[in-house]
Structures are given as structure tokens and as C-alpha cells.
Amino acid sequence: MAEIVLIRHGQTEWSAVGKHTSYTDLDLTGAGEQQARVAGERLAGRSFAAVISSPRKRALRTAELAGLAVTETTEDLAEWNYGEYEGITSATIHETSPAWSLWTDGAPGGESPAEVGERLDRVLARARTFLDRGDVALIAHGHSLRVAGARWIGLPAGGGGLLKLGTATLSTLGFEHGNQVIDTWNG
């Protein structure tokens, strides 16, 4: 059966230093562009029934450099809205809120884990409509794709906190004995 391939965008200036980046629309760094090209090399020879991307330019540029033709974009694949924590690192947040966790608390002025989970559930439902025709690629962001992985295997959105995901990595969601499983992660 076909798979859903999760592709995290390449490195940006903010991802390189751990700043939360949702609605700030950053370009890839030179290293991020190279990461995207390498991801494309790893996908060589693989065809997709659909390529669905976040509308942020870092995701779209990753798709372009990886040689993927985006068939649709959706805000549902955008990164977690960090609200007041946009552009701030977790270490800085912990200076004033030491017990804070994005995975349980969400972001003040931004989204809760449940809200992000609902968005990614819609994305996964949309991706499933193409699986009878072949693989589907989802090009997006670290936290949103971690939530997609968690939701695929039946965990709450906060379960994404257990799934590390590096820039420009490939992960695959598939099936085994009728169950939704993670085939590969953070590769």
C-alpha cells in the first residue's frame, strides 16, 4: 500500500538557532537549500499522486529544490502558531516559565495542542484520499509534522513531543496489518 512521506523544510536562520518560527516567512539558508537538494536526491525515482505543502516559502522552496511539483497548498500544514513565543527559543521562554511545554500548554496568543491536532487530522484525511493512486508527500515544518506523525498512530497531538524531527529529513507513514504505523522517522 502507498505511503505518506513527510518532508521537513530545510534549515532557516531561525531553525538553526532554535527560534520558534510559525507565521514569520523566512527563506532557507544556503545550508537549507543544500539539505533540500539532498532530500530530492533521496526521493529520486519516487512518484507522488499528490504533493501537498505548507504555503510558507521555506516549505515551497524545499519542494522546488527537491524536484517536487506541489499540487496543492494548505494553511492546515502551516507550522504551529506560537503566538507570543514567535521568534523566541525554548531556553528563553523557560527563564520566565520554567514548566512550560508546547506539547501540553500550547502557546499564549497562538494555538493549543488540540487545535494543531485538528488541523493535521484534516491534512491526513486529505492525504488518505490519494493513497489508492500512490504515495503522497507532505512538505511542512518540524512541530506540525511531529503532530502529523503522532496523530497517524493514534496519539494525541502532544505525542509529537516524543518524535524528534531534523531539518530536511524524510519520514514515512504507512500501514501494517491494517494498522496505521510509522514506517521510518527522521531519516
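The values are calculated or read from the model by the stated rules, or taken from the named source; none is laboratory data. Computed from a predicted structure; not experimentally measured. When we count neighbours, we look across all protein chains shown, and the Cβ atoms used for this are built from the backbone with ideal geometry, even at glycine. The accessibility values were calculated without ligands, DNA or RNA, using every heavy atom of the protein model including side chains. Shrake-Rupley method; radii C 1.70, N 1.55, O 1.52, S 1.80 Å.
Worth a mention:
- Filtered by the rule that a residue be under 25 Å from ASP135 (Cα atoms) and open to solvent by 60 Å² or more (accessible area, probe 1.4 Å), segment 1-37 gives MET1, GLN34, ARG37.
- Among the residues of segment 63-85, the ones that are surrounded by fewer than 17 Cβ atoms within 10 Å (Cβ to Cβ) and under 13 Å from the mean Cα position of the chain (by Cα) come to 2 in all.
- You will find that of LEU145, LEU163, LEU170, LEU120, the residue that is open to solvent by less than 70 Å² (accessible area, probe 1.4 Å), free of Cβ contacts under 8 Å to residues at least 40 places away in the same chain and at negative phi is LEU163 and no other.
- Residues that are of a type in the set (A, V, I, L, M) and surrounded by fewer than 23 Cβ atoms within 10 Å (Cβ to Cβ), drawn from segment 128-142: LEU131
- Those residues of segment 83-104 which are acidic (Asp, Glu) and either more than 18 Å from TRP14 (Cα to Cα) or in contact with a Pro (Cβ under 6 Å, 6 or more places away or on another chain) (or both), in sequence order: GLU84, GLU95
- ARG42 being over 17 Å from the mean Cα position of the chain (by Cα) and assigned to a helix (DSSP H, G or I): yes
- Test: residue in segment 38-57 that is open to solvent by less than 30 Å² (accessible area, probe 1.4 Å), under 19 Å from VAL17 (Cα atoms) and touching a residue at least 12 places away in the same chain (Cβ under 8 Å): no
- Qualifying position, being out of contact with any Cys (no Cβ under 6 Å at 6 or more places or on another chain) and under 29 Å from GLY178 (Cα atoms), among LEU26, LEU60, LEU43: LEU43
- Unique match (being closer than 21 Å to ASN81 by Cα, at pLDDT 95 or above and touching a Lys or Arg at 6+ places or on another chain (Cβ under 9 Å)) among GLY158, GLY142: GLY142
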